[in-house]
Amino acid sequence: MNKISPTLSDLESMARGAGEILRQGYGQRHDIDFKGSINPVTEIDERSEEYLLATIQKKFPGQRVVAEETGGLPGDGQQVWYVDPLDGTVNYVHHIPIFSVSLAYEDEGELKLGVVYDPMRDECFSAQRSRGAWLNGEQIKVTATQELADSLFVTGFPYDTWENPNNNLNYFGRFLLRSQGVRRLGSAALDLCYVAAGRFDGYWEIRLQPYDVAAGGLIVQEAGGLVTNIEAGDDFISVPQSIVAANPGLHARILEVLQAD
Ligand code: IPD
Ligand code: CA
Ligand code: CA
């Protein structure tokens, strides 16, 4: 059977379609359910995911999808999609305009395409393996900052912070005392893209899901950055998940701080 593979413009048009759903629902009152004590989901997350899954199923039938709200779709091969229909739901329900749609495509175990779309700023971050990374079609690059003391970082915290003492507060404190500052924007996909675009120097986080980091991770790599887990391994997707992203020189310094006793 001939393999049908998506193009980067397929992913861009899907991310823009889902982004339009988020934009239209933004600022309204939502039906909010809680998946955990501090982990909300709205009808807009579900509507966006429904649109994305239906589009993938129609254009690329039989391909596996890993998606946040429904779990996704079964597949019969090595082609896998990672779908976060709304990354930044806490911001969204509080009417804070920092959130995104994150879509990635993997073939035979390698991430090939990634798109993260911010509908409030009309910023579309994208990457294709070995071809580069772009923001609205313009090539992007990570910073060249080498010193922690010159760096601005971004991170996030897991949804089980109340229950799990391994909650990133220790790492947060270490970087706060060694850098220009640490931000918490609330969308892991955008955090990664902001590193790729040179807005932040580096990013780390723990216990995320594949659909949070797959697209953004590829975008940082293609913007010249290094992306690993906290143990310096290449796998930033599988459990026990963790991720560190920065230019290669600074990345080594971030790892030293994370790995110190
Ligand atoms: C969350 C965001 C946040 C990160 C959380 C994620 P969601 O995704 O990416 O920045 O710190 O851990 O789960 O739930 O808004 O899709
Ligand atoms: Ca997410
Ligand atoms: Ca989400």
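The values are calculated or read from the model by the stated rules, or taken from the named source; none is laboratory data. The model shown is predicted, which means the values in this text are computed figures rather than measured ones. A quick note on method: Cβ atoms are made from the backbone with ideal geometry, for glycine too, and the neighbour counts reach across all protein chains shown. Ligands, DNA and RNA are excluded from the accessible area calculation, which covers all protein heavy atoms including side chains. Shrake-Rupley method; radii C 1.70, N 1.55, O 1.52, S 1.80 Å.
Relative contact order for the chain using alpha-carbon pairs under 8 Å, separation at least 6, rounded to a whole percent? Spell out each step's value before the answer.
Working: 589 pairs, mean separation 43.5, N = 261.
RCO, the chain: 17 percent.
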In degrees, nearest 10, the alpha-carbon axis of helix 248-259 is tilted away from the dominant principal axis of the alpha carbons of the chain by 70
Which value results for Rg/Rh of the range 133-261 when Rg is the Cα radius of gyration and Rh the Kirkwood radius based on the inverse mean 1/r? 0.93
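Can you give the Rg/Rh ratio of the range 92-174, where Rg is from the C-alpha atoms and Rh is the Kirkwood radius?
Radius of gyration over Kirkwood radius for the range 92-174 works out to 1.03.
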How many percent of the alpha carbon pairs in the chain exceed a separation of 30 Å? 23
Got a number for carbon plus sulfur as a percent of the chain's accessible area, 1.4 Å probe? 48
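If you filter the range 153-197 for chymotrypsin sites (Phe, Trp or Tyr not before Pro), then keep DSSP loop positions with at most 14 other Cβ within 10 Å, what is left? Please report the intermediate quantities before stating the final value.
Values: sites: 153, 159, 162, 171, 172, 175, 194; in loops: 159, 162.
When the chymotrypsin sites (Phe, Trp or Tyr not before Pro) of the range 153-197 are filtered for loop state and at most 14 Cβ neighbours within 10 Å, 162 remain.
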Give, in nm to one decimal, the length gained when the segment between residue 167 and residue 120 is fully stretched (0.36 nm per residue of separation minus the Cα-Cα distance). 14.0 nm
Considering the chain as a Gaussian network with a 10 Å cut-off on Cα pairs, which listed residue, 232, 54, 197, attains the greatest mean-square fluctuation? 54
When the helix-only estimate is applied to the chain (DSSP H runs of n ≥ 4, each -39,500 (n - 2.57), divided by the residue count), what is the mean residue ellipticity at 222 nm, nearest 500 deg cm²/dmol? -9500 deg cm²/dmol
In whole Å, how far is the Cα centre of the range 1-28 from that of the range 99-177? 19
Compute the Cα gyration tensor for the range 155-228, then decide on rounded, prolate or oblate, letting a ≥ b ≥ c be the square roots of its eigenvalues: rounded whenever a/c is under 1.5, prolate when a/b is larger than b/c in the other cases, and oblate in all that remain. oblate
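Looking at the range 1-156 from every direction and averaging, what is the projected area of its Cα convex hull in nm²?
Spelled out: convex hull of the Cα atoms, projected over all directions, averaged, 11.1 nm².
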